[in-house]
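Working notes for the structure below.
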Amino acid sequence: MGSSNHCEGIDEYAVQIIKFKAKQLVGRVGLTDSDREDLEQEMILDLLQRLPKYNPDRAQRNTFIARVVEHKIATIIEARKAGLRDYRLCNCSLNERLEDEEGGSVERMETIDQEDYLRLTGGLSRSTAELRDLSIDVRQAIEKLPPELRELCRRLGIDTVTELSRDTGVPRGTIYESLKKLRANLEAAGLKDYL
């Protein structure tokens, strides 16, 4: 945010206070000097969005600008300290080099089991073995379905009900009735927990 930049509604006072406040934030709540430009841009954007609400009868323009910037800073700090994003929870880098069994070094990232990571972060709800078993069970259940329900399964893996109705000319209501039959068959095959 250099002094040559000019945004409609952003005067020299706004530029100065934003630059000053961004500089003050560096070193707090895990923010570094490389975050400064991003902080300045966030504050400018917030100010530009709020400037149309400025009422000269309620406060001077500079007071309004200062309050908007201060509120944005409070929001930034609150977000940095919130739950899983809390910068204080991160006490190591994934790029940190660790010594391996052979005396060499490896990045910490390479020591993390991808499956455990996905399960802990909600990206994976079941282990690879459970997913493999489920896949086998689903395939066997689908093979036992009547041909029209097997085809419905195959098509719904590609298309939506609306697309299927449009392509086949079958009304959506009829497709939804077939879906009820499909669900009943899969529940009878012991897959109710997965539907």
Flagged pairs (Cβ under 6 angstrom, 6 or more apart or on separate chains; first in region 172-191, farther than 15 Å from THR160 by Cβ; second polar (S, T, N, Q)) are none
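If you check ARG166 against the conditions, is it within 30 Å of GLU115 (Cα to Cα) and basic (Lys, Arg)?
Against the criterion (within 30 Å of GLU115 (Cα to Cα) and basic (Lys, Arg)), ARG166 does not qualify.
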Go over the candidates THR168, THR162 one by one and state the one that is among the hydroxyl-bearing types (Ser, Thr, Tyr) and either outside the structural domain of LEU134 (by TED's automatic domain parsing) or surrounded by 12 or more Cβ atoms within 10 Å (Cβ to Cβ) (or both). THR168
Could you check how many residues of region 169-195 are touching a helix residue (DSSP H, G or I) at 6+ places or on another chain (Cβ under 8 Å) and either modelled with pLDDT under 90 or under 25 Å from ARG126 (Cβ atoms) (or both)? 10
Reported set for region 26-49 where residues are under 20 Å from GLU12 (Cβ atoms), surrounded by fewer than 17 Cβ atoms within 10 Å (Cβ to Cβ) and charged (D, E, K, R) is ARG36, GLU37
Please specify each residue of region 54-81 satisfying the condition of being small (Gly, Ala, Ser) and over 17 Å from ILE44 (Cβ atoms). ALA59, ALA79
On the given criteria, is CYS7 within 27 Å of MET109 (Cα to Cα) and at pLDDT below 90? no
Tell me, please, whether a residue that is under 29 Å from ARG28 (Cα atoms) and at pLDDT 80 or above can be found in region 108-127. no
From the list ASP100, ASP137, which one is at pLDDT 85 or above, surrounded by 10 or more Cβ atoms within 10 Å (Cβ to Cβ) and outside the structural domain of ASP46 (by TED's automatic domain parsing)? ASP137
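The values are calculated or read from the model by the stated rules, or taken from the named source; none is laboratory data. Model, not experiment: these values are computed from the prediction. Here Cβ is always computed from backbone atoms with ideal geometry, including for glycine, and neighbour counts include all displayed protein chains.
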